[in-house]
Amino acid sequence: MDPWLIWLIIAAVLAAAEIFTLTAALGMLSAAALVTAGSAAVGLPLPFQFLVFTLVATVTLIFVRPLALRHVLRPQTTRFGVEALVGKGAYVVSEVTGLGGRVRIDGEEWTARAYDETLVIPPGKTVDVMEINGATAIVYPRD
């Protein structure tokens, strides 16, 4: 079997193992094996193939892996789902009290409760969504 094919198989096995571990280390080793497969296809002798693999693996593990991990582990900046509704304005459809009511948020109707249980918010008012508790919006009037 040709050496380039062996390196290609090693690269594929390492890439498949990376899918299960998600550490980025095996992915870097897979890339090094792929580069080494190219050098073996050119006709580089076996000792130099090992040297190419070692150099590429070292460079990628020392320099590329930390950059990749920093990018992957960056905290999420955008909110989505019900968390994205917090802070938005809502239109009161039916009277909202500390016990219940209905509001319209982004075209959808939600059950709602007043943030301050003593408040009574009449229909037609605009409120701010303070939090989402299950399927209920906790709201506070804008005025």
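The values are calculated or read from the model by the stated rules, or taken from the named source; none is laboratory data. These numbers come from a predicted model, not from an experiment. Note: areas computed on protein heavy atoms with side chains; ligands, DNA, RNA excluded. Shrake-Rupley method; radii C 1.70, N 1.55, O 1.52, S 1.80 Å.
Averaged over its residues, the chain has an accessible area of 64 Å² per residue, based on protein heavy atoms and a 1.4 Å probe.
Per-residue Karplus couplings for region 72-79, computed as 6.51 cos²θ - 1.76 cosθ + 1.60 with θ equal to phi - 60°, are listed in order as 6, 8, 5, x, 6, 9, 9, 8 Hz, Gly and Pro entered as x. Using just the C-alpha positions of region 1-43 as equal point scatterers, what log10 of I(q)/I(0) does the Debye formula give at each q in 0.26, 0.32, 0.33 1/Å? Once normalised to I(0) and log-transformed, intensities are -0.75, -0.97, -1.01. Summarising the amide proton neighbourhood of residue 100: residues at separation of 5 or more, or on other chains, whose placed amide H is nearer than 5 Å comprise 114.
The HN-Hα couplings worked out from phi for region 47-63 by the Karplus form 6.51 cos²θ - 1.76 cosθ + 1.60 (θ = phi - 60°) are x, 6, 5, 5, 5, 4, 4, 4, 5, 5, 5, 5, 5, 5, 6, 7, 9 Hz, whole numbers, x standing for Gly and Pro. Taking amide hydrogens as placed 1.01 Å from N in the peptide plane, the amide H of residue 137 sits under 5 Å from those of 111, 112, 113, each at least 5 positions away in sequence or on another chain. For volume of the Cα convex hull per residue in Å³, the value calculated from this model appears in (1) 128; (2) 153; (3) 113 under label (2).
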